[in-house]
1. In region 379-392, how many are surrounded by 13 or more Cβ atoms within 10 Å (Cβ to Cβ) and in a loop (DSSP other than H, G, I, E, B)?
2. Filter region 347-372 down to residues that are touching a Ser or Thr at 6+ places or on another chain (Cβ under 8 Å) and assigned to a loop (DSSP other than H, G, I, E, B), then give me how many there are.
3. Answer yes if at least one residue in region 207-219 is over 29 Å from the mean Cα position of the chain (by Cα), aliphatic (A, V, I, L, M) and open to solvent by less than 50 Å² (accessible area, probe 1.4 Å), and no otherwise.
4. Residues to consider are Arg436, Arg478; find the one that is at pLDDT below 95, assigned to a loop (DSSP other than H, G, I, E, B) and of a type outside the set (Phe, Trp, Tyr).
5. Being open to solvent by 40 Å² or more (accessible area, probe 1.4 Å), part of a loop (DSSP other than H, G, I, E, B) and within 22 Å of Val445 (Cβ to Cβ), is that true of even one residue in region 393-410?
6. Could you tell me whether region 224-238 includes any residue that is free of Cβ contacts under 8 Å to residues at least 12 places away in the same chain, in a helix (DSSP H, G or I) and polar (S, T, N, Q)?
7. Give Ala293, Ala345 a once-over and let me know the one that is farther than 30 Å from Gln401 by Cα and either at pLDDT 90 or above or crowded, with 17+ Cβ neighbours inside 10 Å (or both).
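The values are calculated or read from the model by the stated rules, or taken from the named source; none is laboratory data. Small disclaimer: the values here were computed from a predicted structure and weren't measured. Neighbour counts run over all protein chains shown; Cβ positions are idealised from the backbone, glycine included. Surface areas here come from the heavy atoms of the whole protein model, side chains and all, with no ligands, DNA or RNA. Shrake-Rupley method; radii C 1.70, N 1.55, O 1.52, S 1.80 Å.
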Amino acid sequence: MQILAVTVWTTCCICCIVEAEIFTSIGQMTDLIFIEREVVQSLKEYIQAEESKLAAVKRWANKLEVLTHASTSDPEGFLAHPVNAYKLMKRLNTEWSELESLVLNDPSHGFISNISVHRQYFPDEEDEKGAAKALMRLQDTYNLDSESFSKGKLPGVRYNAFLTVDDCFDMGKTAYNEQDYYHAVLWMQQALRQMDAGEEAKASKADILDYLSYSVYQMGDLQRATELTRRLVSIDPSHQRAGGNLRYFERLLAKEIREMVRNKQDLAKEKPIQLGTYERPRDYLPEREIYEALCRGEGVKMTPKRRSKLFCRYRDGNRNPRLLLKPMKEEDEWDNPHIVRYLEALSDEEIEKIKELAKPRLARATVRDPKTGVLTTAHYRVSKSAWLEGDEDPVIARVNQRIEDVTGLTVDTAELLQVANYGVGGQYEPHFDFSRRPFDSNLKVDGNRLATYLNYMSDVEAGGATVFPDFGAAIWPRKGTAVFWYNLFRSGEGDYRTRHAACPVLVGSKWVSNKWIHERGQEFRRPCGLTEVD
């Protein structure tokens, strides 16, 4: 019965992680923990079988060593005894064959078979690379140096986790192979720092210096690149590239020094490589600095004057029968545009049921390509999501009804409840919930996304805020609460101030569920305004 139970449980686990891109969902990654535990148990059983086998072989060897010592000291005298002669025949004909069979017996078959079953569900190279890039994203967003990650110095952590020299080296190689020399420098420098402190590693110091010196050169620091290459040559004079690179760097450096002398400039003093040593290259996102500052809790424009306009109240949905006895608690999060938070919007039991329904169906979240309108995955949205029908479980129907009651808007034309779980460094960079493509086929029937209702289904130890870069708001996840805002003005025009982002999750597992409410059916629930910005 126990074996059957393990088999059934394992099958359930496997079914939960059939999707690829495992690193994009912490919820699905948890299944790997249990699978790894089973593989470790299988490995221990293999080790025990090998130890038993070696113990038996050792007993044979010890017994035969005593016997052969006596027999070889006087072979004829030994064999003069007929029993010894008989036992020699027997040993060489039968017993040595049994020993041979014992040695040839391979206890690893069970372990190999077990791990082969699970290997097809293991993370692949893309998962490893995605997780590495996620650490770099967290490093940038939250201004964390490589040592903070390496030594496990993160806010809100419950478990110690450390990176070895080889871990840092692999992080640096991932960045280097992506031509991301900024992060390659940070991680190779950390690997070198830990190796210089005496930590042992499979990677050689020459390999680290090779990657580091060239990456530093790519960042435009010729003086440091030259010094690092000299250090590499002193360690490995026969290094294939180092000698040529050093001569090339020295020529460039000599030219640079002559120019500085001519212009009466001083050579920069070399300082340890830190986060601010080199400038991070700019990318496609214009509000990158504002967005990341808000994620850190910096630059929030909640002034005392603005805060004085915020209130809390009970919301009974215009005397809705379902809210009369227990009205919803509503808090203002922002005054204009108006964003509210509902307290006790979901119970713990409802949250667990929603997660249970969604988890087997989680798939990489998609975005709509702004040029083609086609749904596709994107590096700026790292999460997995599932869509739940209202009639598949009473809990979903109850949540949909609650959203309708408290907002006063019909959910008949709303999208299905979307459940999302964010992975390592999970995020969704600044975006609009409403469509800016009036010819989208999905708008022809139910109209644009009028409003967003966002349930927080978990607390997050660090990071994971919902931020609005346009007006400087940051809303932090609180389990069981929900936030609500309108994406469109009453005129139907998009409110471009509602561009928002889900900040990378630094520590924790972030679960949310979204309900996007569309325009059709709201004509008498939210009448049109007279001007564009009403």
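1. Total satisfying the criteria: 2.
2. 4
3. No - not one qualifying residue is present in region 207-219.
4. Values: Arg478 fails: at pLDDT below 95.
Unique residue meeting the criteria: Arg436.
5. no
6. Taking region 224-238 as the starting set, the residues that turn out to be free of Cβ contacts under 8 Å to residues at least 12 places away in the same chain are 234, 237-238.
If we keep only those that are in a helix (DSSP H, G or I) too, we end up with 234.
Then drop every residue that is not polar (S, T, N, Q), which leaves 234.
Scanning region 224-238 turns up at least one residue that is free of Cβ contacts under 8 Å to residues at least 12 places away in the same chain, in a helix (DSSP H, G or I) and polar (S, T, N, Q).
7. Details: Ala345 fails: farther than 30 Å from Gln401 by Cα.
Result: Ala293 is the single residue among Ala293, Ala345 that is farther than 30 Å from Gln401 by Cα and either at pLDDT 90 or above or crowded, with 17+ Cβ neighbours inside 10 Å (or both).
Residue-by-condition table, conditions (1) over 15 Å from the mean Cα position of the chain (by Cα); (2) surrounded by 21 or more Cβ atoms within 10 Å (Cβ to Cβ); (3) within 28 Å of Glu461 (Cβ to Cβ):
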| residue | (1), (2), (3) |
| --- | --- |
| Phe149 | no, yes, yes |
| Arg158 | yes, no, yes |
| Val165 | yes, yes, yes |
| Cys168 | yes, yes, yes |
| Tyr182 | yes, no, yes |
| Val185 | yes, yes, no |
| Ala191 | yes, yes, yes |
| Ala197 | yes, no, no |
